[in-house]
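Visitor: My questions will all concern the structure given below.
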Amino acid sequence: MNEQNELSGPRILDGRSLAATLREELRSEVARFQVHYGTVPRLDVVQVAGDAASDWYARAIRRACQQVGMTFELTQLPGDIGQQVLIERLATLNARPETHGIIVQMPLPKHLDPDVVIAALDPRKDVDGLHPLNLGRLAQGLPALVPNTPAGGMELLRHYDISVAGKQAVVVGRSNVVGKPMALLLLHEHATVTIAHSRTPNLAEVLGTADIVVVAVGRPGLVTGAMLKRGAVVVDFGINEVADGEVVGDVDYASALEVVAAITPVPGGTGPVTNMMLLRNVLTAAKAQQV
Ligand code: NAP
């Protein structure tokens with residue numbers, strides 16, 4: 001990687017082109033699934049008290065499903081829905097054979113406990129990979145529905161032949177949806193993993209040892225080139241809207257480019273691959289539910 005950097009500059013890990021390849025693969029697999037089982041995989045998205053951001057996300061997922069031939073259904077529920085009523089709605093989806101995958105859009109209104117709601121999903125339909133059974137299986141290294149964002153990060157590393165075995169990896173951020181599962185996936189691929197978070201006193205010192213740096217925080221410019229080891233590989237999950245609607249990652253891209261061997265751009269890095277991992281989970285879940 002060092003040589004590559006010195007000879008031809010850093011590699012840009014292009015998530016859009018990988019997503020296009022994965023989309024074609026998924027489209028073929030969905031067609032094969034349909035021939036074999038006489039039905040298509042179906043994803044149900046549950047939206048409680050929608051806003052512009054969650055509408056945008058639902059539209060993006062609908063389009064992604066349509067592009068590969070999957071069925072998409074959106075259930076919109078009022079913001080004052082009671083927790084028990086929501087759980088009953090989820091139980092209906094859990095029991096419906098046509099529904100193979102379920103997502104409950106987050107964040108939920110304050111009066112709803114996300115942990116209780118996620119635990120109410122049938123783990124076989126939990127295509128966000130957030131149910132305790134799926135995260136527990138992931139922790140144990142057992143087959144599981146894995147959270148989409150970190151699965152996409154690993155897919156990018158694999159696609160670009162970046163081996164993590166034996167490398168020092170630092171994951172900044174420890175959420176259940178990104179940081180923690182990413183650390184587990186890197187560990188399963190034999191990296192030596194450190195997890196940094198808001199109480200880590202000297203982030204620069206920790207990052208300075210890392211061959212692979214993964215950032216999932218939500219703070220623009222948190223990580224700069226000066227904090228990185230020369231030749232590091234950087235996966236930036238951050239999505240931050242700054243002035244004029246511009247979207248940037250958590251890594252200061254310009255200064256990082258001076259030192260890294262490879263980096264995901266924002267936008268166009270991890271984001272597009274995340275959606276493909278969701279669709280892959282729906283297909284995996286649908287296959288597992290065929291008897
Ligand atoms: P989150 O739940 O808010 O977690 C943020 C994590 O960052 C926490 O673990 C927090 O530490 C840590 N943190 C906060 N300030 C820090 C600091 N100064 N130094 C080091 N660590 C710090 O966020 P998330 O859901 O994981 O999302 C993280 C980012 O990824 C966001 O920008 C989000 O938009 C983006 N995202 C991207 C995708 C994608 O497809 N690319 C998907 C989902 C999310 P504590 O635990 O100590 O509070």
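No lab work stands behind these numbers, since they all come straight from the coordinates. Just so it is clear, the model here is predicted, and its values are computed rather than measured. As a convention, Cβ positions derive from the backbone with ideal geometry for all residues, glycine included, and neighbour counts pool all protein chains shown.
Visitor: L187 label point, 7 Å along Cα→Cβ, cut-off 12 Å on backbone N: hits in region 99-139?
Guide: Answer for this model: 136-139.
Visitor: Taking amide hydrogens as modeled 1.01 Å from N in the peptide plane, which residues meet the under 5 Å criterion relative to A196, leaving out close sequence neighbours?
Guide: Here V171, V172, G173 satisfy the definition.
Visitor: Could you work out the Rg to Rh ratio of region 133-291, with Rh taken as the Kirkwood radius (inverse of the mean 1/r over all Cα pairs)?
Guide: Computed over Cα atoms, the ratio is 0.98.
Visitor: For the chain, with equal point scatterers placed on the C-alpha atoms only and solvent neglected, what are the log10 I(q)/I(0) values from the Debye formula at q = 0.08, 0.11, 0.16 1/Å, to two decimals?
Guide: -0.35, -0.67, -1.31
Visitor: Give me the number: length gained by fully extending Q66 to R199, i.e. 0.36 nm times residue separation minus the C-alpha to C-alpha distance, one decimal in nm.
Guide: That works out to 43.6 nm of additional length.
Visitor: Under 10 Å, Cα contacts only: if you run a Gaussian network model on the chain, which one of A95, A169, A261 comes out with the highest mean-square fluctuation?
Guide: A95
Visitor: Starting from the Cα of R16, step 7 Å along the direction of its Cβ; do the same at S175; then give the gap between the two resulting points in nm.
Guide: Inter-label distance under the simple model: 2.4 nm.
Visitor: Give the order of I195, I263 when sorted by the count of other beta carbons within 10 angstrom, beginning with the fewest.
Guide: Ranking I195, I263 by Cβ neighbours within 10 Å, fewest first, gives I195, I263.
Visitor: In whole Hz and in residue order, list the ³J(HN,Hα) couplings for region 155-166 that follow from phi through the Karplus curve 6.51 cos²θ - 1.76 cosθ + 1.60, θ = phi - 60°; x for Gly and Pro.
Guide: In residue order, the calculated couplings are 4, 5, 4, 4, 4, 9, 6, 9, 7, 10, 4, x Hz.
Visitor: Let me ask something else about it. Which residue, chosen from I81, Q34, I102, occupies the Cα position most advanced towards the positive end of the dipole of region 1-145, where the dipole is computed from +1 (Lys, Arg) and -1 (Asp, Glu) charges on Cβ about the Cα centre?
Guide: In region 1-145, that residue is Q34.
Visitor: Still on this structure: Could you compute the FRET efficiency for V247 and R59, with r as their C-beta to C-beta distance and R0 at 22 Å, rounded to 0.05?
Guide: 0.85
Visitor: Something else now. Working only with C-alpha atoms, what are the Rg and Dmax values of region 1-74, expressed in angstrom?
Guide: 18.0, 53
Visitor: What full-extension length gain, to one decimal in nm, is calculated for N240 and Q84 as 0.36 nm per residue of separation minus the Cα-Cα distance?
Guide: 52.8 nm
Visitor: Here's something else I'd like to know. Rounded to whole Å and sorted largest first, list the principal axis extents of the Cα atoms in region 197-279.
Guide: Here the Cα extents, ordered largest to smallest, are 35, 26, 26 Å.
Visitor: Continuing with this model, one more query. From zero outward in steps of 10 Å, how is the percent of C-alpha pairs of region 38-127 spread across the bins?
Guide: The calculated distribution, bin by bin, is 16, 51, 29, 3, 0.
Visitor: Take every DSSP beta bridge whose two residues both sit in the chain, then give the antiparallel share in percent to the nearest 5.
Guide: 5 percent
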